[in-house]
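Here the structure comes first, spelled out in structure tokens, and everything after it is commentary.
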Amino acid sequence: MRRSPVSPALALLPLRLFLGLTFVYAGIQKLSDPGFLHPGAPTYIGTQLHGFAAGTPGGFMLRAFALPHPELAGIGVAVTEILIGLLVTAGLFTPVAAAAGLALNFLLFLTASWHTTPYFLGPDLVFSFAWLPFVLAGAEGQPALDNVVASGSPALARRTRLREPGEALPEAEVATTRRVLLAEFAGAAVALAGISALARGSYVAARSLGAGSTAKRRGSPAPKGEGAGGASSSSGAAGAPSLPQGAVKLGPASNLPAGQAASFTDPSDGSPDILIRDSSGGLKAFSAVCTHAGCTVGYQGGVIVCPCHGGEYSAETGEVIAGPPPSGLVERQVLESGGQIYAVPS
């Protein structure tokens, strides 16, 4: 028996649901991130916006409207994403919601994804085209509230009715029903945003190793009791620990517990580096300059993250594990000796 072909409109339903649910998730993910609204965090919205605006054709819009108030802009975008996602998933005001989603993704393509090469690896351009069918045709022929309202559902009209029967034309009733539903969905978006913000954990800032982390430079005389040479950690009557030539004291080892990270200035070229103590107590250090667009990376959730374009690196090896970076982070040499942590010039 020959199966009946699926209508083109119904075939687009999975795409509509994917777009809607993805936008809901994107908004929730932002607001549930402890560092999203915390200045100095790797994923702080202000840091992301600065990275998005640097050298991109859409950067002027971010500098004009978002960068002056980054936290407000971040919250606004997150709530808007949730509302767009809810409307598109339910199929209410579908063409308008899809147009808003397309505009947001296209702006992200002109900013956040602009430096991604080749271009087809940038998801925002793909999302922009994925929105087009729903901008042009809405949810026609699909299960959607737009179609239920337009067909004059008595149950839905009764639930949202603000008048007595017979006081308005059917067209006015449809408009009223849509407005009431829109207000309800807006309230649901705000509620989801609030729950997401309340559910996020507290942000744990990177540790400071002490004033010495940037005070000493390559070639500075070793402090009393610190010699040059091997990297042994012996101490006692024979003298203080022996250190490689040019080693720079970063600070007390006790200031960096397991699972935490700190930033420091590279003693060779002055560029930013990142120091991580793993769960076993070992130390790893890498260049903190993202290999994609030069943004400064941070440590969060057990991985090294770039706030600008979503790149992620392994905290064990520095290799790329997600996002657009073309290569891993350069490893730096550090050592722990005599209760102190030192950076060794390359």
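Coordinate-derived values only; no laboratory data. Computed from a predicted model, the values in this text were never measured in an experiment. Glycine also receives a Cβ, built like all others from the backbone with ideal geometry; neighbour counts cover every protein chain displayed.
Highest first, please rank the peptides 278-291, 27-40, 187-200 by the mean number of other Cβ atoms sitting within 10 Å of their residues. Numbers along the way, then the final one.
Values: 278-291: 17.1, 27-40: 19.4, 187-200: 14.8.
Result, highest mean first: 27-40, 278-291, 187-200.
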Whole-Hz Karplus couplings 3J(HN,Hα) for the range 302-318, θ = phi - 60° and coefficients 6.51, -1.76, 1.60, Gly and Pro as x, run x, 10, 8, 10, 9, x, 7, 9, x, x, 10, 10, 5, 7, 8, 10, x
Given 131-144, 55-68, the highest-first ranking by average Cβ count within 10 Å works out to 131-144, 55-68
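At 0.36 nm per residue, minus the direct Cα-Cα distance, what do F18 and S151 gain on full extension? Give it in nm, one decimal, please. Could the numbers behind the result be given before it?
Working: separation 133, 0.36 × 133 = 47.88 nm, distance 2.54 nm.
In short, 45.3 nm is gained.
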Taking 0.36 nm per residue of separation between N255 and A11 and subtracting their Cα-Cα distance, the length gained on full extension comes to 82.1 nm
For Y119 and E140, extending 7 Å from Cα along the Cα-Cβ vector and measuring point to point gives, in nm, a value of 3.0 nm
A chain fully extended from A188 to I321 at 0.36 nm per residue, minus the present Cα-Cα distance, gains in nm 44.4 nm
